[in-house]
1. Put simply, what bits of region A:22-51 lose 30 Å² or more of accessible area when the other protein chains are there, versus the chain on its own (1.4 Å probe)?
2. Region B:1-34: which residues show an accessible-area loss of 40 Å² or more, assembly versus chain alone, 1.4 Å probe?
3. Given a 1.4 Å probe and every protein chain left where it sits, what share in percent of the accessible area of region A:50-178 is carbon and sulfur?
4. Once the other residues with Cβ under 12 Å from the Cβ of A:Leu132 are scored (Lys, Arg +1; Asp, Glu -1), what is the net sum?
5. Give me a comma-separated list of calculated 3J(HN,Hα) values for region A:21-26, in order, Karplus coefficients 6.51, -1.76, 1.60 applied at θ = phi - 60°, integers in Hz, x for any Gly or Pro.
6. From zero outward in steps of 10 Å, how is the percent of C-alpha pairs of region B:2-113 spread across the bins?
7. Can you work out the accessible area per residue across the protein assembly as shown, with the rest of the protein chains kept in place, probe 1.4 Å, in square angstrom?
8. State whether region A:1-142 is rounded, prolate or oblate according to the following rule on the C-alpha gyration tensor (a ≥ b ≥ c being the square roots of its eigenvalues): a/c under 1.5 gives rounded; otherwise a/b larger than b/c gives prolate, and the remaining case gives oblate.
Amino acid sequence: MSSVLTRTPSDIKWLANELAAMAGEVERIDQEVKRLQARRRHLRGVQKALGAVADMLAVPQLPEVVPPVRAHAHFRERGGLFGFVRAALQAAQPKAVDTLTMADLVIAHFGLTFATPRARQRFLHDSVGRTLNRLYQRDEVERLHDPTADRHLPGIWRWKVAAPTLEKLRELSAEAGP
Amino acid sequence: MALTMTRTRTQTALTKLVTLVANVHGELAFVDSQAVMLSGTSSAGKEQALLAGLARRRAQLESSRDALHTTIRQFDAELDPASIGSTDGWLKPFGRGAAGGRRYLASLVDDDQR
């Protein structure tokens, strides 16, 4: 009498696992290729449109003479850093975030590496600092530090919410009367 | 000319692009109005040649408009190029007013006959 298999032999189990993993990886690659092909088609269309505008501006040779530039390599797309810093401040609200912590968050999120501590410091000041200042100028964040005080202390920033100030509340209370 | 990684966008560049769009919108509106006016008239050879010239120019303008709209959206995805108005700056090379319009239409027929 033949015995009925109740457990899958480990060699077949291993083979099945590997086959499933390979099929999954190929499927993932196919999806990525499909996505990249669609993006390529879109970018070609934009490139063609920009070339047509170059023609209108009497520089039809422009598309042929400009070399490819890998722009926004660090932050994936235009506005990548700005968008991340903005979202991080919004997520932290009502708490504030200092410039050093924000730089750490950005570095971890985008997987940035720096050849020297000086390069890291430059990134902190030039990229992160400027982005935070831009948000401040747009009145989207408030500055909780005194920029004229100690320049070596990191800045502290908080996302601004459309809540009335204490002074405004006092004014409204006075207007309403006793 | 040094290319910049940051792809700095300036108000001057945007103004230039918007002016181009406004000119194309203006010319398209003029071409359409002339085509509507002519469509009810006689089918004489001159009118037919003008209608053909208008149709050909319209196709060119549509292509330019689509390219410019794509470019404006590339400049800033939040801008709506369809909301840009129209100007008659495109008519300047032909002179202003009704006489300019007539010269413009004549150029379309001339182009067609070439």
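1. Buried-area filter returns A:Val46, A:Ala49, A:Leu50.
2. By number: B:Leu3, B:Met5, B:Arg7, B:Leu20.
3. Heavy-atom surface of region A:50-178 belonging to carbon and sulfur, 1.4 Å probe: 55 percent.
4. Summing Lys/Arg as +1 and Asp/Glu as -1 gives +2.
5. Values, residue by residue: 5, 5, 4, x, 5, 5 Hz.
6. All Cα pairs considered, the percentages come to 13, 39, 27, 15, 6, 1.
7. Values: 20850 Å² over 292 residues.
For the protein assembly as shown, the per-residue accessible area is 71 Å².
8. Oblate, since a/c reaches 1.5 and b/c is not below a/b.
The values are calculated or read from the model by the stated rules, or taken from the named source; none is laboratory data. Values in this document were obtained by computation on a predicted structure and should not be read as measured data. Backbone-built Cβ (ideal geometry, glycine too); neighbour counts: all protein chains shown. Only protein heavy atoms, including side chains, enter the accessible area calculation; ligands, DNA and RNA are left aside. Shrake-Rupley method; radii C 1.70, N 1.55, O 1.52, S 1.80 Å.
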